[in-house]
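*Asks:* The structure's right below; bear with me while I get my questions together.
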């Protein structure tokens, strides 16, 4: 078992309250940990933490190793003496009801650049030493990432595919010239990464000390416009000019009649295999240093993935291509030991994918919103569960439970109410109770369902490029009554030691 019988909340830090345009890993994150502990919740699941690109998707980061600068807590920097309160006051007017990524980036990065200019003067000796140690210890990814970000700035944030040939192809002389020319920008991005990972480590310690483990998320694929692909183009299906030849996605499914064309580059698994999967192993190692448990998104892609010719505008006309299967996970286990992994095994799951998951022993996912449309044999109904799984009322890709229920036909709603023995008036908490009562080792509930919110609070619409990821809650929405109600259910169903006989 990964963590034993337990439960928790799915909430990305950008959805936390706060005055700086997006939620961050500052005081409100610590308050959320306190809420989890009071509610008897032992898990906090987040989405990928990397710096986001177009569409603000955490699943399209500019690096598999870096943290998102927008998550850096300015309040934390004030506490460290790196900022004054007056320097962050101009940010107080940013929206609080939703994430305004563009405004937050404009203002927050301006403040962080000021921190970079004054860091040497304001930082304590211990902080300066920690920063130098960080740059040395993380140089294996940090040097390439900071140069990548500096070059993006120099070339107007254009994709690396449109840079001059010298830096595009990473010629030694061009790279050396760039490191000299862009030294200040490189230093700035290195400092921001140091500040992020220092704050994240402190938040994780605080959570762990209160009995809360962090569940991270690693997308199987990476973004084309990323330091990952620019640094190691040999690992991806690109032509000689750096253009995509095939892209990732999924065929038509529950979410989309034309499938989903994600557009990520596909891996050259043959090249990775010859190199002992070293790049992927380092990616896993880095992520597992940041979290206690790791959810692997799109697990089925390791057994077989949907390969779409890059010129196709939709995902309908692709083919299944073989992934690395057991060999990859055996190599990862050999290098890293037993891995605390959850696998996202939703969508078109074939027997060979089930066989791989069972060989590895990793728990898969059960989503209750998928359970009520096909009768008692539906594998998402709790009476069909085995304990080695993680049950969700819904995920970041689903509607909220209230929104889902309102959108269903009469037969699905009637069967759900009959199964639950309820009238559907409090459907969010009905599904929360069902999840917590199930035999699943772990139960995870999106915060939107704890708050009984509707479709307006949905986090992501799969297949829609823009208008996602912006939901935030207000600090007055989450109350002690929510914590008490959650704790009662959690104790009733044995997911936390009871506080009373």
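The values are calculated or read from the model by the stated rules, or taken from the named source; none is laboratory data. These numbers were taken from a predicted model, which means no experiment stands behind them. Ideal geometry is used to build each Cβ from the backbone, glycine not excepted, and the neighbour counts take in all protein chains shown.
*Asks:* Any idea which of 447, 434 is crowded, with 19+ Cβ neighbours inside 10 Å, more than 25 Å from the chain's Cα centre (by Cα) and in contact (Cβ under 8 Å) with a residue 12 or more places away in the chain? Give the steps one after another, and end with the answer.
*Replies:* On the way: 447 fails: more than 25 Å from the chain's Cα centre (by Cα).
Exactly one of 447, 434 is crowded, with 19+ Cβ neighbours inside 10 Å, more than 25 Å from the chain's Cα centre (by Cα) and in contact (Cβ under 8 Å) with a residue 12 or more places away in the chain, namely 434.
*Asks:* Let me ask something additional. Which of the residues belonging to region 26-35 are crowded, with 23+ Cβ neighbours inside 10 Å and within 21 Å of residue 450 (Cα to Cα)? Break it down into steps so the answer makes sense when it comes.
*Replies:* Of the residues in region 26-35, the ones crowded, with 23+ Cβ neighbours inside 10 Å are 26, 29, 32.
Listed by number, the residues that qualify are 29, 32.
*Asks:* Hey, another quick one. For residue 229, are the conditions met, namely being under 28 Å from residue 396 (Cα atoms), touching a strand residue (DSSP E or B) at 6+ places or on another chain (Cβ under 6 Å) and either free of Cβ contacts under 8 Å to residues at least 24 places away in the same chain or not in a helix (DSSP H, G or I) (or both)? Outline the logic, then answer.
*Replies:* Values: under 28 Å from residue 396 (Cα atoms): yes; touching a strand residue (DSSP E or B) at 6+ places or on another chain (Cβ under 6 Å): yes; either free of Cβ contacts under 8 Å to residues at least 24 places away in the same chain or not in a helix (DSSP H, G or I) (or both): no.
It is false that residue 229 is under 28 Å from residue 396 (Cα atoms), touching a strand residue (DSSP E or B) at 6+ places or on another chain (Cβ under 6 Å) and either free of Cβ contacts under 8 Å to residues at least 24 places away in the same chain or not in a helix (DSSP H, G or I) (or both).
*Asks:* A follow-up question, please. If residue 291 passes every condition in (1) at pLDDT 95 or above; (2) closer than 23 Å to residue 244 by Cα; (3) touching a strand residue (DSSP E or B) at 6+ places or on another chain (Cβ under 6 Å) but one, which one does it miss?
*Replies:* Residue 291 satisfies all of (1) at pLDDT 95 or above; (2) closer than 23 Å to residue 244 by Cα; (3) touching a strand residue (DSSP E or B) at 6+ places or on another chain (Cβ under 6 Å) except (2).
*Asks:* Quick check on my filter: what residues within region 457-486 are closer than 17 Å to residue 393 by Cα and in a helix (DSSP H, G or I)?
*Replies:* Initial filter on region 457-486 (closer than 17 Å to residue 393 by Cα): 457-461, 482, 485-486.
Hits for region 457-486 are 457, 482, 485, 486.
*Asks:* Could you please find all residues in region 233-266 being surrounded by fewer than 18 Cβ atoms within 10 Å (Cβ to Cβ), at pLDDT 90 or above and in contact with a helix residue (DSSP H, G or I) (Cβ under 9 Å, 6 or more places away or on another chain)?
*Replies:* Matches in region 233-266: 234, 243.
Every residue, every condition in (1) closer than 30 Å to residue 40 by Cβ; (2) assigned to a helix (DSSP H, G or I); (3) in contact with a strand residue (DSSP E or B) (Cβ under 9 Å, 6 or more places away or on another chain); (4) touching a residue at least 12 places away in the same chain (Cβ under 8 Å), yes or no:
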{"site": "176", "(1), (2), (3), (4)": "no, yes, no, no"}
{"site": "179", "(1), (2), (3), (4)": "no, yes, no, yes"}
{"site": "189", "(1), (2), (3), (4)": "no, yes, no, yes"}
{"site": "193", "(1), (2), (3), (4)": "no, yes, no, yes"}
{"site": "216", "(1), (2), (3), (4)": "yes, no, yes, yes"}
{"site": "225", "(1), (2), (3), (4)": "no, no, no, yes"}
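*Asks:* Considering only residues that are in contact with a strand residue (DSSP E or B) (Cβ under 8 Å, 6 or more places away or on another chain) and either surrounded by fewer than 16 Cβ atoms within 10 Å (Cβ to Cβ) or over 17 Å from residue 248 (Cβ atoms) (or both), which ones fall in region 319-342?
*Replies:* At the first step, the residues of region 319-342 found to be in contact with a strand residue (DSSP E or B) (Cβ under 8 Å, 6 or more places away or on another chain) are 319-323, 339-342.
Correct list: 319, 320, 321, 322, 339, 340, 341, 342.
*Asks:* Another question, if that's okay. When only residues in region 147-168 that are without any contact (Cβ under 8 Å) to a residue 60 or more places away in the chain and not in a helix (DSSP H, G or I) count, which is surrounded by the most Cβ atoms within 10 Å (Cβ to Cβ)?
*Replies:* If we take residues in region 147-168 being without any contact (Cβ under 8 Å) to a residue 60 or more places away in the chain and not in a helix (DSSP H, G or I), then 163 is surrounded by the most Cβ atoms within 10 Å (Cβ to Cβ).
*Asks:* (1) in contact with a strand residue (DSSP E or B) (Cβ under 8 Å, 6 or more places away or on another chain); (2) surrounded by 15 or more Cβ atoms within 10 Å (Cβ to Cβ); (3) outside any helix (DSSP H, G or I): which one isn't true of residue 316, the others all being true?
*Replies:* (1)
*Asks:* While we're on this one: Could you please find all residues in region 423-455 being assigned to a helix (DSSP H, G or I), touching a strand residue (DSSP E or B) at 6+ places or on another chain (Cβ under 8 Å) and within 16 Å of residue 477 (Cα to Cα)?
*Replies:* Of everything in region 423-455, those that are assigned to a helix (DSSP H, G or I), touching a strand residue (DSSP E or B) at 6+ places or on another chain (Cβ under 8 Å) and within 16 Å of residue 477 (Cα to Cα) turn out to be 447, 448, 450.
*Asks:* Then there is this: Determine whether residue 184 is within 21 Å of residue 109 (Cα to Cα) and either part of a helix (DSSP H, G or I) or touching a helix residue (DSSP H, G or I) at 6+ places or on another chain (Cβ under 9 Å) (or both).
*Replies:* Numbers: within 21 Å of residue 109 (Cα to Cα): yes; either part of a helix (DSSP H, G or I) or touching a helix residue (DSSP H, G or I) at 6+ places or on another chain (Cβ under 9 Å) (or both): yes.
It is true that residue 184 is within 21 Å of residue 109 (Cα to Cα) and either part of a helix (DSSP H, G or I) or touching a helix residue (DSSP H, G or I) at 6+ places or on another chain (Cβ under 9 Å) (or both).
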